[in-house]
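Undergrad: One structure coming up, written as structure tokens, with questions to follow.
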Amino acid sequence: MKITHQSYNNVVVVEIHGEFLEEYCRLFQDTMNELLKEKVVGIVLDMSNSPFIDSSGLGMLLWLRDYCHEKKSQLKLAGLDSNIKKILEITRLDTKLDRYEDLSEAVKSFT
């Protein structure tokens, strides 16, 4: 998995490239900790290049949602493929995470 990010005013778009698996959770958590040191309104997690997420990755999404809340920020997901949408539905996490079909919708939702 590779993680890249770009800032748009006070919104950070984080792109996940590859499968979101347990072995990458530490990298993900360290990256998010670093990004949230600065005051940001929100984080958009662009998962359009991520075809799969395991249970540890799901745990990281919940951790990030709670961490953003602590930091007075918000988390939004964008670009979920059908596999990840199905996983979120089965685990009922689809009701606990803000999801958008495309990246521009998610970024605009902060304005």
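The values are calculated or read from the model by the stated rules, or taken from the named source; none is laboratory data. As the structure is a computational prediction, the values presented were derived from the model and not from experiment. Neighbour counts are summed over all protein chains in view; Cβ atoms, including those assigned to glycine, are modelled from backbone coordinates with ideal geometry.
Undergrad: Among the residues of the stretch 38-50, are any touching a residue at least 40 places away in the same chain (Cβ under 8 Å) and out of contact with any helix residue (DSSP H, G or I) (no Cβ under 9 Å at 6 or more places or on another chain)?
TA: Yes, because at least one residue in the stretch 38-50 is touching a residue at least 40 places away in the same chain (Cβ under 8 Å) and out of contact with any helix residue (DSSP H, G or I) (no Cβ under 9 Å at 6 or more places or on another chain).
Undergrad: Scan (1) more than 21 Å from Y100 (Cα to Cα); (2) loosely packed, with under 12 Cβ neighbours inside 10 Å for the single condition M1 breaks and write down its number.
TA: Among (1) more than 21 Å from Y100 (Cα to Cα); (2) loosely packed, with under 12 Cβ neighbours inside 10 Å, M1 violates only (2).
Undergrad: Identify all residues within the stretch 101-111 that are surrounded by 15 or more Cβ atoms within 10 Å (Cβ to Cβ) and among the β-branched types (V, I, T); write none if there are none.
TA: Passing the criteria: only V107.
Undergrad: Across the stretch 63-85, which residue is surrounded by the most Cβ atoms within 10 Å (Cβ to Cβ) among those that are touching a residue at least 12 places away in the same chain (Cβ under 8 Å) and of a type in the set (S, T, Y)?
TA: In this case the residue turns out to be S73.
Undergrad: Something else now. So is V44 surrounded by 19 or more Cβ atoms within 10 Å (Cβ to Cβ) and in a loop (DSSP other than H, G, I, E, B) or not?
TA: Answer is no for this residue.
Undergrad: Go through the stretch 86-100 and give me each residue that's among the charged types (D, E, K, R) and either surrounded by 14 or more Cβ atoms within 10 Å (Cβ to Cβ) or under 13 Å from the mean Cα position of the chain (by Cα) (or both).
TA: D94, K96, D98, R99
Undergrad: Scan the stretch 8-50 for residues that are on the phi > 0 side of the Ramachandran plot and either modelled with pLDDT of 95 or more or of a type in the set (D, E, K, R) (or both) and jot them down.
TA: Matches in the stretch 8-50: G18 only.
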